1. Considering only Leu160, Ile148, Leu50, whose Cα is most displaced toward the positive end of the charge dipole of the stretch 49-167, charges sitting on Cβ of Lys, Arg (+1) and Asp, Glu (-1)?
2. In the stretch 2-182, carbon and sulfur make up what percent of the accessible area (probe 1.4 Å)?
3. Indicate the helices, whole DSSP H runs only, in the chain that combine a mean Kyte-Doolittle hydropathy of -1.0 or more with a Cα extent along their long axis of 18 angstrom or more.
4. At 1.4 Å probe radius, can you tell me the per residue accessible area of the chain in Å²?
5. Size of the dipole of the stretch 1-92 about the Cα centre, Lys and Arg at +1 and Asp and Glu at -1 on the beta carbon, nothing else charged, in debye to 20?
Amino acid sequence: MTILHIDSSISGENSASRPISQSIVDRLRQSSPADALVTRDLVSDPLPHLTLDAFADTSVLDEFLASDTVVIGAPMYNFTLPTQLKAWLDRILVAGQTFRYTEDGPEGLAGGKRVVIALARGGFYDQGSPASALEHLESYLRGVFNFIGIEPEFVAADGLAVSPEQRDTSIKQALGETIRLAA
Ligand SMILES: Cc1cc2nc3c(=O)[nH]c(=O)nc-3n(C[C@H](O)[C@H](O)[C@H](O)COP(=O)(O)O)c2cc1C
């Protein structure tokens, strides 16, 4: 089995999503030590914006297709995902490879993979909260992975910009949740 670990936070050592995605990978590897690990840091090794020419290079897609579990660190920037992560997704959603259009509508072709996403958000976006309409990170990622046939799992650290105490509490809670995911 192969785990693909993707990170997209620009915050380096101050990142919240990076230690949470790392903890998910660590837990998964504790329960399955033989699993191979491939890492892709989209900040230290960024992908360019998509161009037509870039479609000819399938290395990012091949890496995704070859993986059994994908762990993604996904911070919220300006209410959605970092552009670095979008550039990666632009290479994953490929008609005929991860989805296809049929007479009955679109069909996901990438089912069978496990995708676990570590979310880090400065605010709170629960349903009914004032900012919930601006939540375009979790909802977008769920929609995109559903589209290619995958039901992603999420571990979220929220309210990170509210106060240092809230940040500590939210990160600890998210790290604790990674135990459940490894089961
Ligand atoms: C450029 C930038 C934009 C941000 N935009 C938002 C935002 O729109 N909503 C929000 O709740 N938090 C926002 N934040 C706060 C981040 O979501 C929060 O700092 C989180 O910890 C980011 O994950 P990271 O620490 O792994 O980078 C933003 C942070 C940065 C650096």
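1. Leu160
2. 52
3. Those that pass (Cα extent of 18 Å or more, hydropathy at least -1.0) are 17-31, 164-182.
4. The answer is 51 Å² per residue.
5. Values: 6 positive and 12 negative charges, 60 e Å.
Charge dipole, the stretch 1-92, about its Cα centre: 280 debye, nearest 20.
The values are calculated or read from the model by the stated rules, or taken from the named source; none is laboratory data. These numbers come from a predicted model, not from an experiment. Methodologically, a virtual Cβ is constructed for each residue, glycine included, from the backbone with ideal geometry; neighbour enumeration extends over all protein chains shown. We work out accessible area using only protein heavy atoms, side chains counted, and drop any ligands, DNA or RNA first. Shrake-Rupley method; radii C 1.70, N 1.55, O 1.52, S 1.80 Å.
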